[in-house]
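Below: the structure, in structure tokens.
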Ligand SMILES: [Zn+2]
């Protein structure tokens, strides 16, 4: 057995029996890993207080050849983004980020960008101030919606499922004015004539209207860093429509109900 070490964020935890835990992490060097933490709930020195969401920890784990589960050996705290667990709105938002990371990331598919995306968003949210001198206060909901669209757009890019918004999925016509509708089934935009062609399979594939400016917004999010969130001024209703579209796209694409999007 090899002892490996990396940094990671917990994205899933399940009690296995009295004291053991099954844990999934998004790590910096090994992508998503799932490990068994023997006696985790009793072993204070190795694990206590270091298995919460929104904590950046260094983990040491044994990799057994031929086994899908690794064995967690020890956890050390690097940075605790504890403000994410203090505010109920931010905490609920955190559960969305975690659920999406768990569903969209594959085991051992190492993509450092996903780890850095999670770390940067956590860090930024941890230091979030919605009231700044000389400017009107911004509702927390508006701010979180911008983070959500930023996070999801970038996660889609890094997992290779960012939708094709630039050309019709049927005939490749360019979506010059961003006027095309969207085919959930094909994961891309579709021109009017393909959508209306009754001999075309697309007629029967659920076609959604894209929210106004959605393409521009999500392209901007994947081309910018997190500072775009405080610079961008967009109405909350518009952000909410984009969030609903992304939820529908993700549900369709993954074939899963997204529980964290259903509210309390
Ligand atoms: Zn077309």
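Structural remarks
- Considering residues of the range 13-33 that are assigned to a strand (DSSP E or B) and surrounded by fewer than 17 Cβ atoms within 10 Å (Cβ to Cβ) only, the residue farthest from the chain's Cα centre (by Cα): 15
- The single condition among (1) in the same structural domain as residue 219 (by TED's automatic domain parsing); (2) in a strand (DSSP E or B) that residue 151 does not satisfy is (2).
- Any hit, the range 43-55, residues being closer than 27 Å to residue 153 by Cβ and in a strand (DSSP E or B): yes
- Within the range 175-187, residues that are at positive phi reach partners that are part of a loop (DSSP other than H, G, I, E, B) and within 14 Å of the ligand (Cβ to nearest atom) with beta carbons closer than 8 Å, at six or more positions or on different chains, in the pairs 178/165; 187/169.
- Test: residue 67 is at pLDDT below 90 and surrounded by fewer than 18 Cβ atoms within 10 Å (Cβ to Cβ): yes
- Lone unmet requirement of (1) assigned to a helix (DSSP H, G or I); (2) modelled with pLDDT of 95 or more for residue 225: (1)
- Counting the residues of the range 155-172 that are more than 12 Å from the chain's Cα centre (by Cα) and either in contact (Cβ under 8 Å) with a residue 12 or more places away in the chain or closer than 14 Å to residue 101 by Cβ (or both) gives 11.
- Answer from 89, 120, 76 - the residue that is without any contact (Cβ under 8 Å) to a residue 60 or more places away in the chain, under 17 Å from the mean Cα position of the chain (by Cα) and not in a loop (DSSP other than H, G, I, E, B): 89
- The lone exception for residue 216 - which of (1) more than 16 Å from the ligand (Cβ to nearest atom); (2) in contact with a helix residue (DSSP H, G or I) (Cβ under 6 Å, 6 or more places away or on another chain); (3) farther than 19 Å from residue 101 by Cβ; (4) assigned to a helix (DSSP H, G or I) it fails: (2)
- For residue 257, the conditions (1) part of a helix (DSSP H, G or I); (2) without any contact (Cβ under 8 Å) to a residue 24 or more places away in the chain; (3) touching a helix residue (DSSP H, G or I) at 6+ places or on another chain (Cβ under 8 Å) all hold with the exception of (1).
- Residue satisfying all of: in the range 147-197; more than 11 Å from the ligand (Cβ to nearest atom) and farther than 30 Å from residue 26 by Cα; surrounded by the most Cβ atoms within 10 Å (Cβ to Cβ) among these: 182
- Every residue from the range 81-102 that is closer than 15 Å to residue 25 by Cα and surrounded by 17 or more Cβ atoms within 10 Å (Cβ to Cβ): 94, 97, 98, 99, 100, 101
- Residue 110 vs. criteria surrounded by fewer than 19 Cβ atoms within 10 Å (Cβ to Cβ), in a loop (DSSP other than H, G, I, E, B), at positive phi and not assigned by TED's automatic domain parsing to the domain that holds residue 53: no
The values are calculated or read from the model by the stated rules, or taken from the named source; none is laboratory data. Quantities reported herein were computed from a predicted structural model and do not represent experimental measurements. Positions of Cβ are generated from backbone atoms using ideal geometry, with glycine treated the same way; all protein chains shown enter the neighbour counts.
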